[in-house]
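Student: Before we start, here is the structure in question, set down as structure tokens.
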Amino acid sequence: MERLARWVRAEWGPLYVAVRDPLRERRLRAAPMAAGAVCLTALLQYAQNQPWGYRLVQDAGAVRAEDPLWQALLRTPLSLFVPALDLPVWGALAQILFVFGIAEICLGRWRTLAVAYVATLAGTLYARIGIALGPHAPFGLPASDARVVDTGPSAAVVGLAVYVAWRYGAHVTVGAVTTAMVVEVLLKENLAGKEHLAALMGVGTLCLSAALRHRRTHPTLAVAPAEPSATPPAVRP
């Protein structure tokens, strides 16, 4: 039990400390963007289930691989907050509040949005590439997936979870999330699962570029010890 406690502190201790104090002092005010995203998602869910709102939400935030690329790019930011119609909305709301909230506290508002958008955009662009490759290619998709409505926060949630865990040294968590996404694709090979892998690849590129940038700006200076002289210094009389 003591060994498990040490591992938990090593894995999640820095992240817990980073989140604990802001939440203790300001509660939900520590993550206003995440709270706003939850409200926006709930509003879009309500609107798309109304006769007057379904077409409006689809035109503003529904992305399909068959759509023109410029149209998909315009809709991608809002599509992140449009819940999938075939999934329970409480799952999307809980994901946004928990993962976006932690990310906002740890990374800041704009970096959180940037990572979330990169993850979502990676999945959106992958769908087009996968359909172009065809169903028989290793990472290909059937042509029917071009008509699938691609919305929801899941790709952004996966990307943010991995990025935050990497930033705070929770490497086992990074591996666990990645493994879970691979297993998801192996058990149920569909567009959503493969988009999650594409999101991980996009966020992994961000992590790699951040690590390389850190090495350039904070190089490790290795100072070699002075070698002893081959001949002793001359002693003056």
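Student: When the residues of the stretch 97-126 are filtered to those that are β-branched (Val, Ile, Thr) and under 18 Å from Glu195 (Cα atoms), which remaining residue is surrounded by the fewest Cβ atoms within 10 Å (Cβ to Cβ)? Step through it out loud before you land on a result.
Tutor: So in the stretch 97-126, the residues β-branched (Val, Ile, Thr) come out as 99, 102, 105, 112, 115, 118, 120, 124.
This time we only want the ones that are under 18 Å from Glu195 (Cα atoms), so: 115, 118, 120, 124.
Numbers: Val115: 23, Val118: 20, Thr120: 28, Thr124: 25.
Step by step, filter the stretch 97-126, then rank; the result is Val118.
Student: Moving on to the next point. Could you tell me how many of the residues in the stretch 70-84 are under 20 Å from Ala116 (Cβ atoms) and assigned to a helix (DSSP H, G or I)?
Tutor: Final tally of qualifying residues: 8.
Student: Search the stretch 127-158 for residues being part of a loop (DSSP other than H, G, I, E, B) and without any contact (Cβ under 8 Å) to a residue 12 or more places away in the chain, and hand back the single one that is surrounded by the most Cβ atoms within 10 Å (Cβ to Cβ).
Tutor: Only one residue tops the list, namely Gly140.
Student: OK, next. Mind telling me which of the residues Ala18, Ala65, Ala92 ends up being within 22 Å of the chain's Cα centre (by Cα), closer than 17 Å to Thr120 by Cβ and part of a helix (DSSP H, G or I)? Break it down stepwise before answering.
Tutor: On the way: Ala18 fails: closer than 17 Å to Thr120 by Cβ; Ala65 fails: part of a helix (DSSP H, G or I).
On inspection, the qualifying residue turns out to be Ala92.
Student: Which of the residues belonging to the stretch 159-187 are in contact (Cβ under 8 Å) with a residue 40 or more places away in the chain and among the polar types (S, T, N, Q)?
Tutor: Matches in the stretch 159-187: Thr173 only.
Student: Can you tell me which residue within the stretch 105-147, out of those that are aromatic (Phe, Trp, Tyr) and under 19 Å from Val182 (Cα atoms), is modelled with the lowest pLDDT?
Tutor: Phe139
Student: Same structure, new question: So which residues in the stretch 33-60 are free of Cβ contacts under 8 Å to residues at least 12 places away in the same chain, surrounded by 11 or more Cβ atoms within 10 Å (Cβ to Cβ) and assigned to a helix (DSSP H, G or I)?
Tutor: Once the filter is applied, which keeps residues that are free of Cβ contacts under 8 Å to residues at least 12 places away in the same chain, surrounded by 11 or more Cβ atoms within 10 Å (Cβ to Cβ) and assigned to a helix (DSSP H, G or I), the stretch 33-60 yields Gly36, Cys39, Leu43, Tyr46, Ala47, Tyr54, Arg55, Leu56.
Student: Looking at Thr178, Thr205, Thr173 in this structure, which one is more than 23 Å from Leu97 (Cα to Cα), assigned to a helix (DSSP H, G or I) and of a type in the set (S, T, N, Q)? Don't jump to the end; show me each part of the working.
Tutor: Numbers: Thr178 fails: more than 23 Å from Leu97 (Cα to Cα); Thr173 fails: more than 23 Å from Leu97 (Cα to Cα).
Among Thr178, Thr205, Thr173, only Thr205 is more than 23 Å from Leu97 (Cα to Cα), assigned to a helix (DSSP H, G or I) and of a type in the set (S, T, N, Q).
The values are calculated or read from the model by the stated rules, or taken from the named source; none is laboratory data. Nothing here was measured: the structure is a model prediction, and the numbers come from that model. We place every Cβ from the backbone using ideal geometry, glycine too, and count neighbours over all the protein chains shown.
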